[in-house]
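The values are calculated or read from the model by the stated rules, or taken from the named source; none is laboratory data. This structure is a prediction, so every number in the text was calculated from the model and none was measured. Glycine also receives a Cβ, built like all others from the backbone with ideal geometry; neighbour counts cover every protein chain displayed. Areas reflect the complete protein model, heavy atoms only, side chains present, ligands, DNA and RNA absent. Shrake-Rupley method; radii C 1.70, N 1.55, O 1.52, S 1.80 Å.
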Amino acid sequence: MPEEKKKNADHLIDLDAMRLEEIQSILETARIIKKNPGYYSDSCHGKILATLFYEPSTRTQMSFQAAMMRLGGRVIGFGDPGNSSVSKGESLKDTIRVVSNYADIIALRHPMEGAAKAASMFSKCPVINAGDGGHLHPTQTLTDLATLHEVKGRLSGLKVGLCGDLKNGRTVHSLIKTLCREPNNSFVLISTKALTVPAYIKNVLEQNNCETIESDSLIDHIGELDVLYMTRIQKERFDSEVEYRRQKGVFVLDAEKLRHAKSELRVLHPLPRLDEIDYEADDDPRTVYFEQTEYGMYVRMALILHMLDGFKTQMIRPESNSMKNCGNPDCVTNTEPYLPRLFTQENMNICDYCDHETK
Ligand code: NCD
């Protein structure tokens with residue numbers, strides 16, 4: 001969507017719907033809050049955040065909860081759907097209709113791709129996508145951008161290496177989509193052949209004319225990078241343990257590899273880290289993944305303030321624009337069959353929930 005057509009978003013499903021100035025303003029607010037946390041300690045007095053986490057989480061869930069509490073608001077929700085009526089078979093739509101009567105804002109993490117978009121159609125309050133399967137994770141990207149601003153002083157003109165599970169890593173997808181919109185960023189995508197970025201991310205890179213190299217070697221490229229974004233192999237997205245084992249342990253960042261990197265390199269990771277970064281690398285000042293987690297809380301404080309300000313209750317529930325089903329087995333339309341079938345205006349083969357192309 002061209003920048004001038006974007007409007008202030010009511011929900012945060014994909015950062016694509018936000019103008020760059022809107023993103024900048026959230027990052028700026030996060031910096032102000034970090035410097036003066038006391039000023040904001042009552043800003044959300046009387047407000048309730050619901051954290052509905054259908055998948056495990058430490059950072060995203062807790063940073064959202066801490067963010068709302070530091071703004072003077074309160075938190076309800078579940079971190080394990082097994083403890084909620086989801087375990088009795090309640091649909092996403094019904095859960096959201098109910099919870100949006102109780103809360104002023106919802107952060108939703110769900111294993112199905114497109115789940116946050118689906119939820120937003122039935123919610124009376126703003127919905128934030130806190131990760132939808134292997135698809136997108138926009139609030140991690142806000143965290144990553146806040147970190148980059150702090151440690152690199154800019155979001156443009158960067159050579160960014162992304163390494164690991166680029167196929168299933170939702171943080172990777174959201175980050176590439178947003179950094180593509182900033183001028184003069186180039187990308188080195190480091191993965192095995194089986195774990196390269198999905199087609200919809202390749203299309204974004206092409207459409208934005210971003211210089212991109214695909215490689216299966218970290219050591220060959222580490223010396224040229226300004227930023228290295230390491231990621232975990234996403235075990236839970238694999239069909240079999242055998243396939244996961246084949247992929248794990250292929251890329252490991254250690255002190256030896258860091259010797260080949262520039263002194264200005266900064267290493268980010270959304271965490272949790274497994275074996276892809278050796279613990280000895282934590283002492284290298286170029287690794288900033290623990291600082292990154294702190295920015296995550298401030299940026300979520302800024303995001304909550306931004307979204308509560310000016311949200312108008314208007315449920316937009318479009319009608320199906322196609323008879324066909326999305327061919328992606330991980331698309332939310334498979335598990336929530338009442339959802340309208342929606343394909344993009346530009347290409348009626350591309351699912352509007354999960355971006356998968358069904359020919
Ligand atoms: C990431 C996620 O859940 O996608 N973690 C996070 O939110 N910080 C990355 C991961 O689980 O590997």
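Key figures
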| read-out | value |
| --- | --- |
| Most to least packed among 330-340, 196-206 [average Cβ atoms within 10 Å] | 330-340, 196-206 |
| Portion, in percent, of the accessible area of the chain that falls on carbon or sulfur, probe 1.4 Å | 48 |
| For Ile213, net neighbour charge (Lys/Arg +1, Asp/Glu -1) across residues whose Cβ lies under 10 Å away | -3 |
| Heavy-atom surface of segment 56-193, accessible at 1.4 Å and reported per residue (Å²) | 31 |
| Relative packing of peptides 265-277, 232-244 - highest average C-beta neighbours within 10 Å first | 265-277, 232-244 |
| Cross-link partners of Lys248 among lysines (Cα-Cα below 19 Å; sequence separation of 8 or more within a chain) | Lys167, Lys193, Lys235, Lys257 |
| Cysteines in the chain that, by Cβ-Cβ distance, have no pairing candidate under 4.7 Å | Cys44, Cys125, Cys163, Cys180, Cys210 |
| Accessible-area value, Ser85, 1.4 Å probe, nucleic acids and ligands omitted, Å² | 50 |
| Cα gyration tensor category, rounded, prolate or oblate, for segment 87-184 with a/c compared to 1.5 | prolate |
| Gaussian network model of the chain, Cα within-10 Å springs - most flexible of Lys152, Lys193, Lys117 | Lys193 |
| For segment 1-118: rounded, prolate or oblate by the Cα gyration tensor [a/c cutoff 1.5] | oblate |
| Accessible-area value, Cys180, 1.4 Å probe, nucleic acids and ligands omitted, Å² | 10 |
| Residues with amide H under 5 Å from that of Ile105, placed H, sequence gap 5 or more | Ile48, Ala50 |
| Segment 146-223 and segment 291-354: distance between their alpha carbon centers, rounded to Å | 23 |
| Nonlocal amide H pairs with Lys159, under 5 Å, H built at 1.01 Å | Ser186, Asp226, Val227 |
